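Shown next, in structure tokens, is the structure this report addresses.
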Amino acid sequence: MKYSILTILFLILGYSCNSNQSNQQNIENQKKELNCISNLKYIERNGRIDSTMIDYIKADWSKEYKIEFKNINDTLFLYGSKLNENVKNYRLYPGPYLTSKTKYNSELVCSEKIIIHQNEIKYSFCYPDIIDFLDKQIKKSENDVYFYRYAKQKDNLLNKIKEKESIFYCDYLLYDLLMNLPYNAYDKYRKLEVSKIILSDYYNGWSGGSEYFLLNKRNDTIAYDGFQRWIQ
């Protein structure tokens, strides 16, 4: 059977449209987008970060403790020793302890991504990275109940991915992902990448907390979030 040139063109055009639609659907399926509820606050501070937990420790804990800072790779560690101890390097347990890390955007090389919208900030992660991280934390829970919460986080995350309207409280999970995984952060309001994020964990006795600051290229603080943790 012979086809006219016009018929062949229509067949090619139809196949091309179907192929493009299929490819677009595959791309959409590979991008899992979630919206989260958070305590994130938007602020700008004229090129400096103040009132961080490090500042608080210097001002308050130094009344009772000798505060030591130590840099290891990209992480700042803080230790607290009793001022009146005879042994110079004595560590009071449980005493004040803090770690602080500065993270930067990464180029994500993966076909499957999870995008989390935290108000005006958009975070992108590789989906396999997230699942691998959560699985490792769940594995740790076999010997330490502190990590048990990650099983619930994974179940909640997978359930939200299946839902069309995915809204969930994200402060704890998002902080853990930013601290441990490559990411890309984007300010949708300013239409600019978030230059860097400073994340800190602090403990004193049986309580503690986490906080993080989002900064732009001028080192101005874009936003801040912080929440309390309890040591189990």
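Annotations for the structure displayed:
- Efficiency of FRET from Cβ geometry, residue 35 and residue 144, R₀ 30 Å, rounded to 0.05: 0.40
- Among the listed pairs 152/191; 66/101; 139/160; 140/162; 70/136, those beyond 25 Å (Cα-Cα): 152/191; 140/162; 70/136
- Where labels lie 7 Å past Cα in the beta-carbon direction, separation of residue 159 and residue 191 in nm: 3.9
- Solvent-accessible area, 1.4 Å probe, carbon plus sulfur percent, for the range 100-232: 50
- Relative to the current alpha-carbon distance between residue 181 and residue 217, full extension at 0.36 nm per residue lengthens the span by 10.8 nm.
The values are calculated or read from the model by the stated rules, or taken from the named source; none is laboratory data. Keep in mind that this is a model prediction, so the values were computed, not measured. Glycine gets a Cβ as well: all are built from the backbone with ideal geometry, and neighbour counts include every protein chain shown. What goes into the accessible areas is simple: the full protein's heavy atoms, side chains included, and nothing from ligands, DNA or RNA. Shrake-Rupley method; radii C 1.70, N 1.55, O 1.52, S 1.80 Å.
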